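> Here it is, the structure in full.
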Amino acid sequence: WPPLPQDSMTLHPSVNGHVDSYSKYYSLLKKPRALKWKPTCGVVKLTLTFDDGRKVPFTVSPVHANIILHFQDTPTWTLADLSTITGLPPDGVRRRMIFWVGSGVCSETVADGGAVSYAIIEKPSANA
């Protein structure tokens, strides 16, 4: 097998609850085996639903999905806060957010002091 990435991240609480439940059930069925999760490996298919009724499907990495899932709870995040809550370095979060900004899902704002923040775009602009 090829070596798998050893990156780690903190999963969104809703996902983490499902992972924990599945792991416990698996351990009960397959004693003494246990699952060792690689949260940064794989592919996630998701559909984002916006206030204006749009439903946009995406196929992304688990890291991208984990980051965008946090916007379900709070529509605006600073780069520092996203980095802290996901357990990823700020440059890694910013690299992943480029995808969401480029896809028209989020907007990026840089304050005078250099602080970066992101917000969900609920309604696309007329020029998009």
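The values are calculated or read from the model by the stated rules, or taken from the named source; none is laboratory data. Just so you know, these numbers come straight off a predicted model, no measurement behind them. With ideal geometry, Cβ positions are generated from the backbone for all residues, glycine too; neighbour counts draw on all protein chains shown. Note: areas computed on protein heavy atoms with side chains; ligands, DNA, RNA excluded. Shrake-Rupley method; radii C 1.70, N 1.55, O 1.52, S 1.80 Å.
> Name the residue, out of Lys36, Lys45, Lys24, whose mean-square fluctuation peaks in a Gaussian network model built on the chain with Cα pairs under 10 Å.
Looking only at Lys36, Lys45, Lys24, the biggest GNM fluctuation is shown by Lys36.
> Take the Cα of Asp51, step 7 Å along the line toward its Cβ, and report every residue of region 92-115 whose backbone nitrogen sits under 17 Å from that point.
105-108
> Once you have a ≥ b ≥ c as the square roots of the Cα gyration tensor eigenvalues for region 53-128, tell me rounded if a/c is under 1.5, and otherwise prolate or oblate according to whether a/b is larger than b/c.
On the way: a/c = 1.80, a/b = 1.22, b/c = 1.48.
Here region 53-128 falls in the oblate category.
> Same structure again: Using the Cα centre of the chain as the reference point, and only Cβ charges (+1 on K/R, -1 on D/E), how large is the resulting charge dipole? Debye, rounded to the nearest 20. Show your work: numbers first, answer last.
On the way: 13 positive and 10 negative charges, 184 e Å.
Dipole about the Cα centre, nearest 20: 880 debye.
> Hey, in the GNM for the chain with a 10 angstrom Cα cutoff, which one of Leu69, Leu88, Leu29 fluctuates hardest?
So, out of Leu69, Leu88, Leu29, the one fluctuating most is Leu29.
> While we're on this one: Mean residue ellipticity at 222 nm from the helices of the chain, using -39,500 (n - 2.57) per DSSP H segment of n ≥ 4 over the full residue count, to the nearest 500 deg cm²/dmol? Each step should come with its number before you reach the end.
Numbers: 4 runs with 46 residues, N = 128.
Mean residue ellipticity at 222 nm (helix-derived): -11000 deg cm²/dmol.
> Considering Cα pairs under 8 angstrom that are at least six residues apart, work out the relative contact order of the chain and quote it in whole percent.
Numbers: 142 pairs, mean separation 27.8, N = 128.
Averaging sequence separation for qualifying contacts and normalising by length gives 22 percent for the chain.
> Hey, another quick one. Mind jotting down the distance between the C-alpha centroids of region 18-69 and region 76-124, whole Å?
What the calculation gives is 21 Å, centre to centre.
> Still on this model: For the chain, with all protein chains present and a 1.4 Å probe, just round the carbon and sulfur fraction of the accessible area to a whole percent. Don't jump to the answer; show the numbers that get you there.
Details: 4940 of 8570 Å².
Looking at the chain in its full context, I get 58 percent from C and S.
> Can you count the Lys pairs in the chain with C-alpha separation below 18 Å, eight or more apart or on different chains? Mind dumping the intermediate values first?
Details: Lys24/Lys36; Lys24/Lys38; Lys45/Lys55; Lys55/Lys123.
Taking the Cα cut-off of 18 Å, the pair count is 4.
> With contacts defined as alpha carbon pairs under 8 Å and 6 or more residues apart, what's the relative contact order of region 30-81 in percent? Working shown, then result.
Working: 39 pairs, mean separation 14.6, N = 52.
Averaging sequence separation for qualifying contacts and normalising by length gives 28 percent for region 30-81.
> Compute the length gained on full extension between Thr59 and Thr10: take 0.36 nm times their separation in residues and subtract their Cα-Cα distance, giving the result in nm to one decimal.
Values: separation 49, 0.36 × 49 = 17.64 nm, distance 2.02 nm.
Taking Thr59 through Thr10 to full extension adds about 15.6 nm, to one decimal.
> Now a separate question. Ignoring ligands, DNA and RNA, what accessible area per residue does region 1-101 give at 1.4 Å, in Å²? Write down the numbers at each step before the final one.
Details: 6860 Å² over 101 residues.
In whole numbers, region 1-101 has 68 Å² accessible per residue.
> What do you get for Rg/Rh over the chain if you use C-alpha atoms and the Kirkwood form of Rh? Working shown, then result.
Details: Rg = 16.8 Å, Rh = 16.3 Å.
My calculation of the ratio gives 1.03.
> Between exposed chymotrypsin sites (Phe, Trp or Tyr not before Pro) in the chain, where DSSP calls loop and at most 16 other Cβ atoms lie within 10 Å, what's the longest gap? Mind showing how you got there, number by number?
Numbers: sites that count: Trp37, Phe50.
Result, exposed sites excluded: 51-128.
> If amide hydrogens are placed 1.01 Å from N in the peptide plane, which non-local residues have theirs closer than 5 Å to the one on Cys106?
So Cys106 has HN proximity to Val101, Ile121.
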